[in-house]
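First the structure, in the form of structure tokens, and then the observations on it.
The values are calculated or read from the model by the stated rules, or taken from the named source; none is laboratory data. If you're wondering where the values come from, they're calculated on a predicted model, not measured in any experiment. When we count neighbours, we look across all protein chains shown, and the Cβ atoms used for this are built from the backbone with ideal geometry, even at glycine. The accessibility values were calculated without ligands, DNA or RNA, using every heavy atom of the protein model including side chains. Shrake-Rupley method; radii C 1.70, N 1.55, O 1.52, S 1.80 Å.
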Amino acid sequence: MSAEAAAEEGFDLLHHLAPKVLYELKLGGIDISITNTVVTMFGAVFLVALILLLAARKPKIIPGRFQSAVESIVLFIRDDIIMTMIGKEGMVWFPFLGTLFFFILFSNLLGLVPYSNTPTARLSVPLALAVVVFLSVHVHGVMRHGPVKYFISWVPKGLPLWVWPIVFVLEIVSAIAKPFSLTVRLFANMLAGHVIILVFLSFVLMFGTLLVSPLSLPFAIVMMTLEVLFSAIQAYVFTILSAMYIGAAIHAEH
Amino acid sequence: MEGLGLLGAGIGMGLAALGTGLAIGILSGKAVEGIARQPEAGGVIRTTMILGIVFIEAIALYTLVISILLWSKG
């Protein structure tokens, strides 16, 4: 398509971010086609497993370069996320939160590779992660404190009796809003970054001339660099918020 | 009356960016003041600041989602 034709007909930007079907697959009427999003996600899983297994295969007391790089991230999850947000009881959740962090980090980073498609920029993947967090928080809270005590602890102590039902309903709404906001935060952050890169690149097509490329290309490169930073920050944010919710469920008596 | 959705999406996103920018600016300014006054509390202040930024940013992201919905409808 020539630049002029594209500029005239106008184009759908979001269409470029949609997953491309590589292999059609249907199971009982449900579409489970292999798209490049799925491939990217499995690539992320494979890379996480490979890197972590390689780093933990022969742990040395004096770590090499590779081992200490992985170790510093793991220690960061333990000390900065779990210890500050949950405390010592939170070490049970270390495998879960660590997996969450590494999976989101690698999904975000692999999404920057050309021909891939960020799994976390599709609403379904962050939603699935957030629902898992939601279920584990409340199941853990109920199992630890018993259902009655746990749900009563949602409302702050010392309220007059007539305010109690109103606050309880509000707390239920906020509990349901939490996974939703977790989902939208990760999804919209990843999608927005990609849309901005796409918009900068498609300025060339919009104006129909190559003269804007010296301006738009450097901006696209700068945004790409920022995306690497945001990938790490969003993985950190998702994990620390999950840790915060889990911590609130564990320390429900306060 | 065509394109009013696009107009709404643009104006809404702009207002959301204005509010978020102001809020994050105030928040990080105060955090820097706190860290400068008490550098040993820097770690805790930084974590709290990032949490605050995350919650503020979420509000702008809700607007972004609404804007994308409006935009795709035209």
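Points worth noting:
- Phi to ³J(HN,Hα) by Karplus 6.51 cos²θ - 1.76 cosθ + 1.60 over the stretch B:21-36, Hz, x for Gly, Pro: x, 4, 5, 5, x, 4, 4, 6, x, 5, 5, 4, 4, x, 5, 5
- Residues of the stretch A:174-213 with amide N under 17 Å of the 7 Å Cα→Cβ point at residue A:159: A:174-178
- Local net charge near residue B:30, Cβ-Cβ under 14 Å (Lys/Arg +1, Asp/Glu -1): +1
- The mean count of C-beta atoms from other chains within 10 Å of the C-beta of residues in B:55-63, rounded to a whole number, is 4.
- The string of couplings for the stretch B:10-19 from the Karplus curve (6.51, -1.76, 1.60, θ = phi - 60°) is x, 5, x, 5, x, 5, 4, 5, 4, x Hz, one whole number per residue in order, with x for Gly and Pro.
- For chain A, calculated [θ]222 nm from helices alone, where every DSSP H run of n ≥ 4 adds -39500 (n - 2.57): -23000 deg cm²/dmol
- Under DSSP loop assignment and at most 15 Cβ neighbours within 10 Å, longest trypsin sites (Lys or Arg not before Pro)-free interval of chain A: A:158-254
- Computed from backbone phi, the HN-Hα couplings of the stretch B:58-67 come to 4, 5, 5, 5, 4, 4, 4, 5, 4, 5 Hz, rounded to whole numbers (Karplus: 6.51 cos²θ - 1.76 cosθ + 1.60, θ = phi - 60°; Gly and Pro given as x).
- Peptide B:6-17, shielding by other chains (average Cβ, 10 Å cutoff): 0
- Most to least accessible of A:46, A:238, A:203, A:219 (protein chains only, probe 1.4 Å): A:46, A:219, A:203, A:238
- Near the amide H of residue A:35, within less than 5 Å, lie the amide hydrogens of A:22, all on another chain or at least 5 residues away, with H placed in the peptide plane.
- Listed by number, the DSSP H helices of chain A that run 18 Å or longer by alpha-carbon position along their axis and have mean Kyte hydropathy of at least -1.0 are A:36-57, A:94-110, A:124-145, A:164-207, A:213-250.
- Average accessible surface area per residue within chain B, 1.4 Å rolling probe, Å²: 64
- Charge sum, other residues only, whose C-beta stays under 15 Å from residue A:130's C-beta, Lys/Arg counted +1 and Asp/Glu -1: +3
- Candidates per chymotrypsin sites (Phe, Trp or Tyr not before Pro) in the stretch A:67-166, loop by DSSP, up to 12 other Cβ within 10 Å: A:115, A:162
- Sum of side-chain charges, residue A:39 neighbourhood, beta-carbon under 14 Å (Lys, Arg +1; Asp, Glu -1): +2
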